[in-house]
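Worksheet: one structure, shown below.
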Amino acid sequence: MKDAPIGPDDIGTDAAWLVGFESMSRRLRPALLRFFRRRSESEAVAEEQVQELFLRLLRRADLFALNNIDGYVFEAAMNLA
């Protein structure tokens with residue numbers, strides 16, 4: 001089952017934002033690990049890059065207001081790689 005995207009009207013509380021972030025991170029983590037694995041020398045480095053990316057995304061309060069969250073996440077991943 002796919003997670004439904006969260007829109008700006010759904011983010012009334014910090015808890016809702018964190019639930020949305022957790023859902024997004026669970027959905028995108030495997031693809032991000034593959035992305036970084038192809039560009040790094042080890043699994044450990046790929047794991048660190050994924051964690052660094054999620055930390056950067058956590059700082060972006062308007063993340064769920066973006067039109068294409070997945071595109072933004074992978075663009076940010078390319079900038080980090």
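The values are calculated or read from the model by the stated rules, or taken from the named source; none is laboratory data. For clarity, every value in this text was computed on a predicted model and none was experimentally measured. Here Cβ is always computed from backbone atoms with ideal geometry, including for glycine, and neighbour counts include all displayed protein chains. With ligands, DNA and RNA removed, areas are computed over all heavy atoms of the protein, side chains included. Shrake-Rupley method; radii C 1.70, N 1.55, O 1.52, S 1.80 Å.
Net charge around Gln51, counting only other residues with Cβ within less than 15 Å of its Cβ (Lys, Arg = +1; Asp, Glu = -1)?
Once positives and negatives cancel, what remains is 0.
Mind giving me the nanometre distance, one decimal, between the label points for Arg29 and Phe54, set 7 Å out from Cα along Cα→Cβ?
About 0.5 nm separates the two model spin labels.
Per residue, what accessible area does segment 10-81 have, given a 1.4 Å probe and all protein chains present, in Å²?
Heavy-atom accessible area per residue stands at 62 Å².
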